[in-house]
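Can you keep this structure in mind? I'll have questions shortly.
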Amino acid sequence: MRATLQDITLAYDQHTTVLKNFTCTIPTGELVALLGPSGSGKSTILNLLAGLLTPDAGQILFDQTNVTHQDSRQRNIGMVFQDYALYPHLSVRDNIAFPLKMAHVKKAARQQRVTELAKLVQITDQLAKFPRELSGGQQQRVALARALAKHPQLLLLDEPLSSLDTTLREELRTVIHDVQRATGVTTLFVTHNQEDALQIADHIMLLANGRLQQVGTGHDLYVHPQNLTVAQFIGRPQLNLWPVATLPAGLRASLPATLLAQATTLGIRSEAIHLATTPAAAHFTATITQQRQLGRDTLTSLQAATSLISTTIPRTDQTTLPLTVDRHGCQLFSATGDCLWTGADQ
Ligand code: ADP
């Protein structure tokens, strides 16, 4: 099932129009991440799809069917929330079976479906337990199984990993990805965490200021950002920005002159900065301000002219470094933030 928001306008009150003529599509069978900072409108979009909000204008389509004025129950949607929202007084088995019981599914069929789902999310040995006896990760598996019980046509995941610690978070990412693949259910995964989106989504819809800034694979967004908002949101450390007016001559000479003349900002990915083999080969020199070991990687902060730059160059005792920039990791932006050129195309 393909879910579409078509020309949606929604305001909570007269002063705040959160979405204006907003359009997006979640293709059939895909896992799409809706990624954006807090307050960008992610929950609003999720609630529109869930039937918990009605737009002021525009249509919500499930395939060709207009569901704009259908309520939540009519839409056959599965939902998973950040806080699991399990029924504390029910066993895991009864939590998963609950939507089926409400739909008057016979006991034998309920039990068979619970067995299938428990296997899918790997909690077969936990069925007799109560939610309070489970870890956060296990509780979220139960919530996922319950959301899938009625074979929903759309699965909505609202920040499902945000309450989990790093290890469980990574484990659950894999579970969500594998379960989505096994069921083929069209899925929207709402998150403010780019790692979640980059690791499990087929496509990412990047939302900022109530506007879809770009839709693409994680790789597309990283190497071909449409604008500065996308380029700065995706990637850690954040994209280094250098005003074109203050670029050193050596660096300027390595970039395309005509586009440089139209650009106001150069973006450089931290991993595109390397130690020059000889001082003569350097595009610029910089002074180390800080070196931090982050597990396997070193994060080296530099002061170059008036710009502060993050790099991944290895630990060194030198304080002033000759550096080169790999243009594959460079992007040029106009004064309005449009991406004019990316070195990845070269
Ligand atoms: P996100 O999920 O990306 O954090 P939301 O969809 O929750 O964003 O919110 C988008 C904007 O709408 C924010 O500016 C928020 O303050 C506003 N907003 C959300 N819910 C309400 C509400 N019930 N009443 C008024 N404003 C709201």
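The values are calculated or read from the model by the stated rules, or taken from the named source; none is laboratory data. Computed from a prediction, not measured in an experiment: that's the story for all the values here. For neighbour counting, all protein chains shown are included, and Cβ atoms are generated from backbone atoms with ideal geometry for every residue, glycine included. Heads up: the accessible areas ignore ligands, DNA and RNA and are worked out on the full protein's heavy atoms, side chains in. Shrake-Rupley method; radii C 1.70, N 1.55, O 1.52, S 1.80 Å.
Every residue in the range 19-30 that is buried (at least 16 other Cβ atoms within 10 Å of the Cβ) and within 13 Å of the ligand (Cβ to nearest atom), please.
Those that are buried (at least 16 other Cβ atoms within 10 Å of the Cβ) and within 13 Å of the ligand (Cβ to nearest atom): 19, 22.
Right, here's the next one. Check every one of the strands (runs of 3 or more DSSP E) wholly within the range 157-226 and list those with 2 or more residues that are at pLDDT 95 or above and within 30 Å of residue 326 (Cβ to Cβ).
On the way: elements: 186-191, 203-208, 211-216.
Those strands (runs of 3 or more DSSP E) span 203-208, 211-216.
Under the condition of being surrounded by fewer than 17 Cβ atoms within 10 Å (Cβ to Cβ) and not small (Gly, Ala, Ser), which residue from the range 249-259 is nearest to residue 36 (Cα to Cα)?
Ranking the qualifying residues of the range 249-259, first place goes to 259.
Looking only at the range 205-223, how many residues end up being away from the ligand (no atom under 16 Å from the Cβ) and either hydroxyl-bearing (Ser, Thr, Tyr) or open to solvent by 40 Å² or more (accessible area, probe 1.4 Å) (or both)?
Of the residues in that region, 5 qualify.
Okay, moving on. Out of (1) free of Cβ contacts under 8 Å to residues at least 60 places away in the same chain; (2) buried (at least 17 other Cβ atoms within 10 Å of the Cβ), the odd one out for residue 166 is which?
(2)
While we're here: Would you check which residues across the range 277-313 are at pLDDT below 90, outside any strand (DSSP E or B) and either within 32 Å of the chain's Cα centre (by Cα) or β-branched (Val, Ile, Thr) (or both) and list them?
Across the range 277-313, the qualifying residues are 295, 296, 306.
Which condition number does residue 138 fail, the rest of (1) buried (at least 19 other Cβ atoms within 10 Å of the Cβ); (2) farther than 20 Å from residue 172 by Cα being met?
Result: residue 138 passes all but (2).
Would you please list the contacts, defined by Cβ atoms under 8 Å and residues six or more apart or on different chains, that run from a residue in the range 63-89 that is at positive phi and in contact (Cβ under 8 Å) with a residue 12 or more places away in the chain to a residue that is assigned to a loop (DSSP other than H, G, I, E, B) and of a type in the set (A, V, I, L, M, F, W, C)?
Close Cβ pairs satisfying both conditions: 63/1.
Name the single residue that is nearest to residue 247 (Cα to Cα) among those in the range 314-346 being part of a helix (DSSP H, G or I) and either open to solvent by less than 90 Å² (accessible area, probe 1.4 Å) or among the polar types (S, T, N, Q) (or both). Spell out the reasoning first.
Start the filter on the range 314-346 by keeping residues that are part of a helix (DSSP H, G or I), which leaves 327-329, 343-345.
Going one step further and asking which of them are either open to solvent by less than 90 Å² (accessible area, probe 1.4 Å) or among the polar types (S, T, N, Q) (or both), we end up with 327, 329, 343-344.
On the way: 327: 14, 329: 16, 343: 17, 344: 20 Å.
Across the range 314-346, the extreme among qualifying residues is 327.
Using the structure shown, decide if residue 183 is in contact (Cβ under 8 Å) with a residue 60 or more places away in the chain and farther than 30 Å from residue 148 by Cα. Walk me through how you get there before you give the answer.
Numbers: in contact (Cβ under 8 Å) with a residue 60 or more places away in the chain: yes; farther than 30 Å from residue 148 by Cα: no.
When the stated conditions are applied, residue 183 does not pass them.
Just to be sure I understand, how many residues within the range 123-132 are of a type in the set (S, T, N, Q) and surrounded by 15 or more Cβ atoms within 10 Å (Cβ to Cβ)? Please lay out each step first, then the result.
So the first thing to find is which residues in the range 123-132 are of a type in the set (S, T, N, Q), and the list is 124, 126.
When the remaining residues are screened for being surrounded by 15 or more Cβ atoms within 10 Å (Cβ to Cβ), the result is 126.
So the answer is 1.
Select from the range 172-204 the residues that are among the small types (Gly, Ala, Ser) and within 14 Å of the ligand (Cβ to nearest atom) and list them in ascending order.
Selection gives 197 alone.
Of (1) of a type in the set (Phe, Trp, Tyr); (2) surrounded by fewer than 15 Cβ atoms within 10 Å (Cβ to Cβ); (3) part of a loop (DSSP other than H, G, I, E, B), residue 12 satisfies all except one. Which?
Of (1) of a type in the set (Phe, Trp, Tyr); (2) surrounded by fewer than 15 Cβ atoms within 10 Å (Cβ to Cβ); (3) part of a loop (DSSP other than H, G, I, E, B), only one is false for residue 12: (3).
So which of 220, 196, 178 ends up being assigned by TED's automatic domain parsing to the domain that holds residue 9, over 25 Å from residue 5 (Cβ atoms) and among the charged types (D, E, K, R)? Lay out the reasoning, then the answer.
Working: 220 fails: over 25 Å from residue 5 (Cβ atoms); 196 fails: over 25 Å from residue 5 (Cβ atoms).
The conditions single out 178.
Next up: Please enumerate the residues belonging to the range 146-189 that are touching an Asp or Glu at 6+ places or on another chain (Cβ under 7 Å) and more than 12 Å from residue 31 (Cβ to Cβ).
161, 163
Taking residue 164 as the residue in question, decide whether it is in the same structural domain as residue 88 (by TED's automatic domain parsing), of a type in the set (A, V, I, L, M) and farther than 23 Å from residue 51 by Cα.
Numbers: in the same structural domain as residue 88 (by TED's automatic domain parsing): yes; of a type in the set (A, V, I, L, M): yes; farther than 23 Å from residue 51 by Cα: yes.
So residue 164 fits the description; yes.
When you go through (1) open to solvent by less than 10 Å² (accessible area, probe 1.4 Å); (2) at pLDDT 95 or above; (3) of a type outside the set (Val, Ile, Thr) one by one for residue 235, which number turns out not to apply?
(2)
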